[in-house]
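Please read the structure below before turning to the comments.
The values are calculated or read from the model by the stated rules, or taken from the named source; none is laboratory data. Bear in mind that the values here come from a model prediction, so they are computed numbers and not experimental data. Using ideal geometry, Cβ is built from the backbone for each residue, glycine included, and neighbour counts are taken over all protein chains shown. Accessible surface areas use protein heavy atoms only, side chains included; no ligands, DNA or RNA. Shrake-Rupley method; radii C 1.70, N 1.55, O 1.52, S 1.80 Å.
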Amino acid sequence: MSTATIAKKPQAKPRKGGRRMSLPVLLLVIAGVLILTSVVRLITGADGITSTGQMSTALRLAVPIGLAGLGGLWAERAGVVNIGLEGMMILGTWFGAWAGYQWGPWVGVAFGIIGGALGAVLHAIATVTFNVNHIVSGVAINILALGTTRYLSKFTFEDAPQGSAKQSPPIDSLGTFDIPGLSGALDTLNQKHWFLVSDLAGLVGGLITDLSPLTVIAVALVPLSWWLLWRTAFGLRLRSCGENPVAAESLGVNVYKYKYLAVIISGGFAGLGGAFLSIVASNVYLDGQTAGRGYIGLASMIFGNWMPGGLALGAGLFGYTDSLNLRGGTTNVHALILLLAILLVFGAAYLAWQKKHRSALITLVISAAMFLWYATTNEVPRQVVTATPYIVTLLVLSLSAQRLRMPKADGLPYRRGQGK
């Protein structure tokens, strides 16, 4: 029996509510949301919701979330739950800044990856070798990383030029670039504020304007991860460890080795996300810089159903909502309330079509409340803008919960030879 047969064996037939959305349907949904967004922009006059600057900021904020999510994907596809992503990101921010201000930003990027991987080694030893509960180990990593970086900052940054106990000295920039000719043309088209055309120009223009080289690398890691995990023998063996480690071991797969590799790669991705925060996003290390992005990255992985493409969409959504804090937040979020209300109407219609009448009625009542909120206010409080990324995280996870399918052996204890 081949490895491919064993790897496919645990994948039971998905339930009716757990079927994956096909690519054509997904593209239609995205197109529909874009059209509705354009309509809302025209109604509200909130041109900033699809501006080039808004999209560029959203991409920059989505990158560390996406890298943390990729880290979670690699670990959980091998059967290890990695709640410690936040701590590994924290280590990445500190190590990246510490090396970056002394030896240059690219050295800082390398040290950020190493810092995250060091945290991952501890998590792998605890969960794979000693079978410690994955959640307990992850939380311990987060606490350890936070305490360690605060302690180290006091002795490394406090006496450095322009540094303090909670902040590193400035780090040289990696530089940014645009796509010559195309970036300017799309920005000009976006400023015309034409229906749909300008919105598309803002979306595409934001993806090719003011780019950091590290952003390009991070985006490329998404398809690369898909190819490695789903199109190579290495990826097949790694995923078999997360689906059925006993069967994988019976075919000669060294389950411990693949789990260790997956967790260390996971930590490297999270550390890279942390280095991005301290080197690209702000050019200094700051205490508390990650602000829960490791957890949001984990949420984006769950939203994406443990798949790289869905993870990227989730990271983009959370990055967009996070960017509202920086660009026209109160006005733009007020406009998005109207968009959400309209989307909920469509959601209620879909639930009614599926004969889930109670859920449809509840969704419709929430939609009416959103319409009322929009109609009776001109903008939202600043506190709502700040909380928007976390609200969206909870809302998206609650709505997508019924279609999720995690690897079967994810988080389960495993001992070498237990199938004998």
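Odds and ends about this structure:
- Every listed requirement among (1) among the acidic types (D, E); (2) in contact with a helix residue (DSSP H, G or I) (Cβ under 7 Å, 6 or more places away or on another chain); (3) farther than 30 Å from P413 by Cβ is met by E86 save one, (3).
- The stretch 152-165, residues that are part of a loop (DSSP other than H, G, I, E, B) and surrounded by fewer than 19 Cβ atoms within 10 Å (Cβ to Cβ): E158, D159, A160, P161, Q162, A165
- Boolean, A270 is at pLDDT 95 or above and within 16 Å of E76 (Cβ to Cβ): yes
- Among the residues of the stretch 364-414, those that are in a loop (DSSP other than H, G, I, E, B) and not aliphatic (A, V, I, L, M) comprise T376, T377, N378, E379, P381, R405, P407, K408, D410, G411, P413, Y414.
- Residue list for the stretch 159-205, restricted to those being on the phi > 0 side of the Ramachandran plot and among the small types (G, A, S): G175, G181
- In the set F111, F130, only one residue is open to solvent by 10 Å² or more (accessible area, probe 1.4 Å), over 19 Å from the mean Cα position of the chain (by Cα) and free of Cβ contacts under 8 Å to residues at least 60 places away in the same chain; that residue is F130.
- Filter pass, E76 being closer than 21 Å to A220 by Cα, of a type in the set (D, E) and either in contact with a helix residue (DSSP H, G or I) (Cβ under 6 Å, 6 or more places away or on another chain) or not in a loop (DSSP other than H, G, I, E, B) (or both): yes
- Any chance R239 is within 27 Å of Y260 (Cβ to Cβ), modelled with pLDDT of 95 or more and surrounded by fewer than 19 Cβ atoms within 10 Å (Cβ to Cβ): no
- Residues satisfying the stated conditions in the stretch 323-367, i.e. of a type in the set (D, E, K, R) and either open to solvent by less than 30 Å² (accessible area, probe 1.4 Å) or without any contact (Cβ under 8 Å) to a residue 12 or more places away in the chain (or both): K355, K356, R358
- Against the test of being out of contact with any Lys or Arg (no Cβ under 9 Å at 6 or more places or on another chain) and modelled with pLDDT under 90, the options T93, T5, T37 yield a single qualifying residue, T5.
- Of all residues in the stretch 297-322, those that are under 17 Å from L59 (Cβ atoms) have Cβ atoms under 6 Å from Cβ atoms of residues that are open to solvent by less than 20 Å² (accessible area, probe 1.4 Å) and part of a loop (DSSP other than H, G, I, E, B), 6 or more apart or on another chain, in L311/G304; G314/G304.
- One residue from G242, G235, G206 being part of a helix (DSSP H, G or I), in contact with a helix residue (DSSP H, G or I) (Cβ under 9 Å, 6 or more places away or on another chain) and over 30 Å from R416 (Cα atoms): G206
- Test result for L70, of a type in the set (A, V, I, L, M), assigned to a helix (DSSP H, G or I) and modelled with pLDDT under 95: no
- Residue in the stretch 201-242 that is nearest to L313 (Cα to Cα), counting only those that are touching a residue at least 40 places away in the same chain (Cβ under 8 Å) and more than 23 Å from the chain's Cα centre (by Cα): A201
- Within the stretch 259-287, being small (G, A, S) and either buried (at least 24 other Cβ atoms within 10 Å of the Cβ) or touching a residue at least 12 places away in the same chain (Cβ under 8 Å) (or both) holds for A262, S266, G267, G268, A270, G271, G273, G274, A275, S278, A281.
- Residues of the stretch 166-198 classified as of a type in the set (A, V, I, L, M), touching a residue at least 60 places away in the same chain (Cβ under 8 Å) and in a loop (DSSP other than H, G, I, E, B), total: 3
- Applying a threshold of 6 Å to beta carbon distances and a minimum spacing of six or more residues, or different chains, the list of pairs starting in the stretch 394-412 at a residue that is of a type in the set (V, I, T) and ending at one that is open to solvent by 20 Å² or more (accessible area, probe 1.4 Å) and at pLDDT 75 or above reads V396/F303.
- Among the residues of the stretch 293-325, just one is farther than 18 Å from R77 by Cα, in a loop (DSSP other than H, G, I, E, B) and not hydrophobic (A, V, I, L, M, F, W, C), namely N325.
- On inspection, L28 passes the criterion of being assigned to a helix (DSSP H, G or I), surrounded by fewer than 24 Cβ atoms within 10 Å (Cβ to Cβ) and at pLDDT 80 or above.
- If the condition is being open to solvent by less than 10 Å² (accessible area, probe 1.4 Å), within 20 Å of G271 (Cβ to Cβ) and under 12 Å from the mean Cα position of the chain (by Cα), then the stretch 288-322 contributes G294, G297, A299, S300, M301, P308, L311, A315, F318, G319.
- Among the residues of the stretch 391-410, those that are crowded, with 17+ Cβ neighbours inside 10 Å and either out of contact with any helix residue (DSSP H, G or I) (no Cβ under 6 Å at 6 or more places or on another chain) or at pLDDT 85 or above (or both) comprise P407, A409, D410.
- Where a residue in the stretch 74-97 is at positive phi and its partner, wherever it lies, is part of a loop (DSSP other than H, G, I, E, B), with Cβ under 6 Å and at least six apart: G79/A409; G79/D410
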